[in-house]
Amino acid sequence: MAQRYAPVSDKISGFMHGADYNPDQWQHDPRVLEEDIRLMKLAGCNVMAVGIFAWAAIEPEEGEFRFEWLDRVLERFAANGIYAWLATPSGARPAWMSERYPEVLRVNEQRVRNLHGHRHNHCYSSPVYREKVAIMNGKLAERYAHHPAVVGWHISNEYGGECHCDYCQQAFREWLKARYGSLEALNAAWWTSFWAHTYTSWTQVESPSPRGENMVHGQNLDWRRFVTDRTAEFCRHEIAAVRPYNPDLPVTTNLMDWFEGLDYRKFADLVDVVSWDAYPKWHGRRDDSAEAAWFAFNHDLFRSLKDKPFLLMESTPSLTNWQPVSKLKKPGMHKLSSLQAVAHGSDSVQYFQWRKSRGSSEKLHGAVVDHVGHEHTRVFGDVAELGETLRRLAAVAGTGVNARAAILTDWDNRWAVKDSQGPRNAGVHYEETVMEHYRALWSLGIQVDIIGSEEDRDLSRYDLIAAPMMYLCRASAGERLERFVESGGTLVATYWSGIVDEYDRCHLGGFPGPLRRTLGIWSEEIDGLYDEERNALVPVEGNALGLTETYASRDLCELVHLEGAEALATYRDDFYAGRPALTVNALGAGRAYYLATRADTALLDRLYARLAGDLSLPRALETDLPQGVTAHVRTDGETDYVFVENYSGEARTVKLDGRAYRDGETGAAVAGDELALERNGVRVLVRSAR
Ligand code: GLA
Ligand code: ZN
């Protein structure tokens, strides 16, 4: 596992550093390209993502293709050592296409067809759109697939959304037929005998709509799965149009942070490298830890998709123009934010955008090159400095991350648990709960993979798996987790797990269904708490975790019976006071913990610190990190690169752990046993991995 991964492209060694670039907006002034190239070199940039929204510039009229401008851009790049992620422009269509072929436009869930405009406003099923995309991608590939400046394909841009047109309804029915084989099987899976919803012909089945059916949970769930499959299939269609021209050219598509609309695990096999777009809202509060933990989780998620380094395809060099309040990055934050991605496995730092557009909706979005036009800006300085940092850290590119802990979260579980209607329609706080578990590990500086239950991934490489609120739990997932525990793993599960199967039908015979034996409990009931209501967990005397404090709990309280597990803490209040609230079950060589209620994060911190110690989970630094500081390691098995990151909003001092360190940027030995971190400071330390 500790190894060096091949670079994404042989053409670039070390990190990719660059931005989305739209020379198509500046064709009227050829001096801009020349000036941009001068500035790119000055900023230490070696790669640009080109052509993302350039359809109208490439095909201004149907069948009339203009490549001269793109030829020139790529030629000038090649002559200057700058490379391009060449985009397929399917993220937005030219107006002529929508006008001539209205079927390319999306139909919303109200069954109303959209007008032309925005972007991503197209149907993934429309035969015309598919044909036009195949022609466009094929022409681009025919011309540029062997171009010396091109390092890979940037397929479309941030796929997302859904279409409810007749083509998509038909495709949904075909998808269901393939999945269920018969209407009987579909009716059984969706439990349609409820409210007389039984379907007697395939033509009766439609996508969910607020004007029609949206209360059949199994149907809602299958629609979301279908949307993922349809979108992935569209992506495959795009890739199939470029691949044959140069099968060695890597392919990626840029993803979004823990995007709810698509199960990204279905995209992992389509692309050669995972890339994603990160837009933290820094400086929201004095302490940026919560924001940092969310983005750390995402970096870990995207690394885990292919279990290898990924690319940070977009980030802003300064501010966005779409967050509620557009904050500038304070001094230090550009480097900290960029190196955070690197610490978790990114082999690139790329931005949206290179040059601010002059008009339209993103004219005020941050960019490397401002409207003022020259390099004498604070932001350009930050970017150029980062270019230099990345050059000095080049050896880090291609190294991996060794995680022995994992957080388990499935997209279909996330969809189902939020669609469940009860026990807390005021919010079950699924994502927040997952983050609370993740953050406890993050604060300790423990490396974490983010995995799903269906992966072929071998669970035995983990010592600890946390699976918060695994409401939708397939029998197969339950079996895998049971084997994981039996063979020595530690599982942390919580309330509202093992409730439904993959069709969103409740498990019969006692919750948590497929996890019941593993956890050694039966969960009989679950109580919803009002927002302001609290219960608490009181430690059982002499409990195996050594808990001594009482911890508050909220949202949901399950009433469980012990079936082999032992109670570590019990409820303090209500008619279930004294009943188990935290349990552990010994099974085979492992242990399975169960939190029956949403405990205060202080308990999670305590629990994971204790488990990390018991399991000897390696921490990036074997030291107690101050609040708001964390550390992460990349390694090739020989050399460790330790990133020490300060999100506390204040200067901090970190005690080192006695090992010998060099500074990753200067190579100088780190003297003393303390590391001073400025506000928003980050240091990269190098040590021998052995
Ligand atoms: C997304 C898009 C970009 C741009 C940025 C702005 O990530 O992919 O085209 O709109 O947001 O932050
Ligand atoms: Zn459609």
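For the reader, a short list of remarks on this structure follows.
- Based on Cα atoms of the stretch 232-385, Rg over Rh with Rh as the Kirkwood radius reads 0.99.
- Our note on the geometry: Cα centres of the stretch 633-690 and the stretch 390-437, 26 Å apart.
- Cα-derived Rg over Rh, computed across the stretch 560-690 with Rh taken as Kirkwood radius: 1.13
- Partner lysines for residue 308 [C-alpha distance under 21 Å; skip if fewer than 8 residues away on the same chain]: 11, 266
- Distances between every pair of Cα atoms in the stretch 524-569, grouped in 10 Å steps from 0 to the bin holding the largest one, split as 25, 44, 30, 1 percent.
- Normalised by residue count, the stretch 85-182 yields a Cα convex hull volume of 127 Å³ per residue.
- Equivalent ellipsoid, the stretch 325-462 (semi-axes from 5 times Cα gyration tensor eigenvalues, Å): 36, 24, 13
- Space enclosed by the convex hull of the alpha-carbon atoms of the stretch 374-434, per residue, Å³: 202 Å³
- For the Cα trace of the stretch 118-174, dividing Rg by the Kirkwood Rh returns an Rg/Rh value of 1.08.
- Computed about the Cα centre, the dipole magnitude for the chain is approximately 1060 debye when only Lys and Arg (+1) and Asp and Glu (-1) carry charge, each at its Cβ.
- Normalised by 2.2 N^0.38 Å, where N is the number of residues, the C-alpha radius of gyration of the stretch 276-351 stands at 1.05.
- Computed over the stretch 331-377, the range of Cα coordinates on each principal axis works out to 36, 23, 15 Å, biggest value leading.
- According to the calculation over all Cα-Cα pairs in the stretch 1-155, the P(r) per 10 Å bin from zero is 10, 36, 29, 18, 7, 0 %.
- Cα-Cα separations in the chain greater than 49 Å, expressed as whole percent: 17 percent
- Shown here for the stretch 491-545: trypsin sites (Lys or Arg not before Pro) in loop regions (DSSP other than H, G, I, E, B) with at most 16 other Cβ atoms within 10 Å, namely 505, 534.
- Simple rule: put +1 on each Lys or Arg Cβ and -1 on each Asp or Glu Cβ in the chain, find the dipole, and look at 648, 493, 245; the Cα lying farthest toward the positive end is 245.
- When each of the peptides 109-121, 346-358 is scored by the mean number of other C-beta atoms lying within 10 Å of its residues, the order from highest to lowest reads 346-358, 109-121.
- With N the number of residues in the stretch 478-593, Rg(Cα) / (2.2 N^0.38 Å) evaluates to 1.07.
- For the stretch 401-539, convex hull volume per residue from C-alpha positions, Å³: 129 Å³
- Extent along principal axes [Cα atoms of the stretch 358-400; Å; largest to smallest]: 41, 23, 10
- Mean Cβ count within 10 Å, highest first, over the residues of peptides 447-459, 405-417: 405-417, 447-459
- Structure-based [θ]222 nm, the chain - -39500 (n - 2.57) summed over DSSP H runs of at least 4, per residue, nearest 500: -9000 deg cm²/dmol
- Packing-based ranking, highest mean first, of 288-300, 34-46, 492-504 given that Cβ atoms within 10 Å are counted: 492-504, 288-300, 34-46
- Kirkwood's formula applied to the C-alpha pairs of the stretch 295-338 gives a hydrodynamic radius of 12.2 angstrom.
- Over 24 Å [Cα-Cα, the stretch 173-320], rounded percent: 52 percent
- Reachable lysines from residue 655, criterion Cα separation under 30 angstrom, eight or more residues apart if same chain: 281, 329, 330, 335
Quick note: the coordinates plus some simple rules give every number you see, no bench work behind them. The shown structure was predicted, so the numbers you read here are calculated from the model rather than taken from an experiment. Neighbour counts are summed over all protein chains in view; Cβ atoms, including those assigned to glycine, are modelled from backbone coordinates with ideal geometry.
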